[in-house]
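Report on the structure given below.
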Amino acid sequence: MQENKQKMKGNRTFTMIKPDAVAKSYTTAILKQITDAGFKIVAMKMTQMSRRDAERFYAVHKERPFFDELVEFMSSGPIVAAVLEKENAVEDFRTLIGSTNPAEAAEGTIRKLYAESVGKNAVHGSDSDENAAIEIAFHFAGREIF
Ligand code: ATP
Ligand code: MG
């Protein structure tokens, strides 16, 4: 049972297609790249975070100089939030999206292809299994995950 639970955790990550990429109609191209890379979408919705939501979601960054800009941007328009399933989901998804700064992102990564700057960088990906679970619960009720 414990072992099964661990396995499930490692199989899921959380992503958001950020307001910049949704506004530019990159949503379907990004989703195709994600599913072509072997991720299964087990939950998805278009939604918009309030300032308060964005402050809570990115609370770990509240002391950083870019926090206000980040909260403003992430609440500026609709996002597409999704839960993705794949073996080694968190790490493999971080590889697929590339470095935070698109100028440093590897060729072919989602950020290299679709991000415009370190702030407006097209997609979010959870950075650990623990944070994936927290972020999934932030955006989705259990009955919305399949
Ligand atoms: P994310 O958490 O969105 O997947 P990340 O894990 O690659 O991105 P973090 O260090 O967690 O990067 O930063 C969170 C977000 O804050 C970044 O994706 C970016 O939108 C914004 N950000 C990070 N560094 C800067 C910066 N120097 N200037 C402006 N915005 C930044
Ligand atoms: Mg992060």
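Assuming 0.36 nm per residue, please report the length gained on full extension of the stretch HIS61 to SER25 beyond their Cα-Cα distance.
Using 0.36 nm per residue and subtracting the Cα-Cα distance, I get 10.2 nm.
Two-decimal Rg/Rh of region 79-146 from alpha-carbon positions, Kirkwood Rh?
Rounded to two decimals, Rg over Rh is 1.00.
Only sites in a loop by DSSP and with at most 16 other Cβ atoms within 10 Å count here; which GluC sites (Glu not before Pro) in region 54-146 make the cut?
GLU63, GLU87, GLU107, GLU116
Less than 13 Å Cβ to Cβ from ALA43, Lys/Arg counted +1 and Asp/Glu -1: what total charge do the surrounding residues give?
Once positives and negatives cancel, what remains is +1.
In terms of the Cα gyration tensor, with a ≥ b ≥ c the square roots of its eigenvalues, is region 20-114 rounded because a/c is under 1.5, prolate because a/b exceeds b/c, or oblate? List each step's numbers first, then the result.
Details: a/c = 1.62, a/b = 1.40, b/c = 1.16.
Prolate, since a/c reaches 1.5 and a/b exceeds b/c.
Starting from the Cα-Cα distance between ASN88 and MET46, subtract it from 0.36 nm times their residue separation and give me the gain in nm to one decimal.
Net length gain for the segment: 12.6 nm.
Rounding to the nearest 20 debye, state how big the charge dipole of the chain is about its Cα centre with +1 on each Lys and Arg Cβ and -1 on each Asp and Glu Cβ.
380
Here, each number is a calculation from the coordinates, and none is a lab measurement. The model shown is predicted, which means the values in this text are computed figures rather than measured ones. Positions of Cβ are backbone-derived with ideal geometry, glycine not excepted, and every protein chain shown enters the neighbour counts.
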